[in-house]
1. Kindly indicate the residue of the stretch A:125-148 that is of a type in the set (A, V, I, L, M) and within 15 Å of A:Thr113 (Cα to Cα) and also modelled with the lowest pLDDT among those meeting that condition.
2. Out of all the residues in the stretch A:53-66, which are over 21 Å from A:Asp124 (Cα atoms) and either in a strand (DSSP E or B) or of a type outside the set (Val, Ile, Thr) (or both)?
3. Would you check which residues across the stretch B:60-82 are among the hydrophobic types (A, V, I, L, M, F, W, C) and in contact with an Asp or Glu (Cβ under 7 Å, 6 or more places away or on another chain) and list them?
4. Restricted to the stretch B:68-95, and to residues that are within 10 Å of chain A (Cβ to nearest Cβ) and in a helix (DSSP H, G or I), which residue is surrounded by the most Cβ atoms within 10 Å (Cβ to Cβ)?
5. Could you check B:Gly64 against (1) within 10 Å of chain A (Cβ to nearest Cβ); (2) crowded, with 21+ Cβ neighbours inside 10 Å; (3) within 19 Å of the chain's Cα centre (by Cα); (4) among the small types (Gly, Ala, Ser) and say which number it fails?
6. As an exercise: evaluate B:Met50 against (1) part of a loop (DSSP other than H, G, I, E, B); (2) buried (at least 18 other Cβ atoms within 10 Å of the Cβ); (3) within 11 Å of chain A (Cβ to nearest Cβ); (4) under 25 Å from the mean Cα position of the chain (by Cα) and give the number of the one condition it does not meet.
7. In this structure, does A:Ser132 turn out to be more than 14 Å from chain B (Cβ to nearest Cβ), assigned to a loop (DSSP other than H, G, I, E, B) and among the polar types (S, T, N, Q)?
8. Out of B:Val109, B:Val66, B:Val59, report the one residue that is among the hydrophobic types (A, V, I, L, M, F, W, C) and in contact (Cβ under 8 Å) with a residue 40 or more places away in the chain.
Protein chains: 2
Amino acid sequence: MSKRIAGPEIERLIQLLAKVPGLGPRSARRAALHLIKKKDQLLSPLALAMGEAVAKVRVCSCCGNVDTSDPCTICTDPRRDPATLIVVEDVSDLWALERAAALNVRYHVLGGTLSPLDGIRPEDLNITSLVSRVAEGGISEVILAVNATVEGQTTAHYITDQLSGLEVKVTRLAHGVPVGGELDYLDEGTLTAALKSRTVF
Amino acid sequence: MSKRIAGPEIERLIQLLAKVPGLGPRSARRAALHLIKKKDQLLSPLALAMGEAVAKVRVCSCCGNVDTSDPCTICTDPRRDPATLIVVEDVSDLWALERAAALNVRYHVLGGTLSPLDGIRPEDLNITSLVSRVAEGGISEVILAVNATVEGQTTAHYITDQLSGLEVKVTRLAHGVPVGGELDYLDEGTLTAALKSRTVF
């Protein structure tokens, strides 16, 4: 703004809100004003919740998930099948798979994908901890649920190599037509993969 | 989510973020994860800034603006012309006009518009304080910068009535073609208004 129209506290709040993904400079102003107007119902609880998160959130030393306890809620859940492990790139992928709720198993979060161009090497990812977790025994299947990108597939191959000496089945997600998807809008790669992996109707 | 996958603190943070305008349930999860990952650079400062705002933000007793001081930064700015007052519906309108920076004057925030259907009566708005502010003297022009909606115009007429006995010029914003606007996309009302208020080129 060209001149000071409010105290520095409000301008700082707007500046920080603008850095939240999904908000830009304009929507941050709208959000700040809404929060200020709903001070007791929203701004105050949100400030508290963020303070709590700052104080309590930590990375799970077992799987790399973020949670307020270590080991995390998922790693300590006794109702989950300990024999299967889903390997994901990021915590957001873990959350997405949990929303699908297809398998009641545990996870291992890599924290990224191998990318020589960006300088991300195997030792920058949680691969060593994955290998030792599998080496400890009790895990019969590792599902590589990495993104279907070049980096994701490179990482998947590297992990398969690392796990090759161990008694574990390594699987990956199926490629195919997304549920609800229209063939006309799909790329050739996906269509070819869907045809190759066709199943009996 | 179908089952607990993280501590209650993280789920509460997501729930509250989803209530921020501009964020929904999906983007709130993304935002929460981003904030948690950038704990020191973003989450912690944001929690502090919100706590500061909760503690310090108040409504200006003179004009109805929100700020961390009362009277607000604008009301106490000695470089602003005290003879002109811009009446706006909401603080967001005040901020929009300040961004335009066309006039260096003071404001009066109504806090809404008259709306019998929603049960908003004159006594629910800061109209009495506006009239007494003008009656104190020193103000020669009141610019009614209310929205060009039915409620905004009703409110403008009501305020004009209330101010009719006082020595003050009441003006309103010009109607016309928005700068950068194309005639083809404008409604008939705007075009008629723009033609009626045409100026010498």
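1. Per the criteria, the residue is A:Ala148.
2. Matches in the stretch A:53-66: A:Ala53, A:Ala55, A:Lys56.
3. If the condition is that a residue be among the hydrophobic types (A, V, I, L, M, F, W, C) and in contact with an Asp or Glu (Cβ under 7 Å, 6 or more places away or on another chain), then B:Cys60 is the only one that fits.
4. Filtering the stretch B:68-95 for residues that are within 10 Å of chain A (Cβ to nearest Cβ) and in a helix (DSSP H, G or I), the one surrounded by the most Cβ atoms within 10 Å (Cβ to Cβ) comes out as B:Leu94.
5. That leaves (1) as the condition not met.
6. Result: B:Met50 passes all but (1).
7. In short, no.
8. Going through B:Val109, B:Val66, B:Val59 in turn, just one is among the hydrophobic types (A, V, I, L, M, F, W, C) and in contact (Cβ under 8 Å) with a residue 40 or more places away in the chain: B:Val109.
The values are calculated or read from the model by the stated rules, or taken from the named source; none is laboratory data. These figures come from a predicted structure and were not determined experimentally. Don't worry about glycine lacking a Cβ; one is built from the backbone with ideal geometry, like all the others, and counts go over all protein chains shown.
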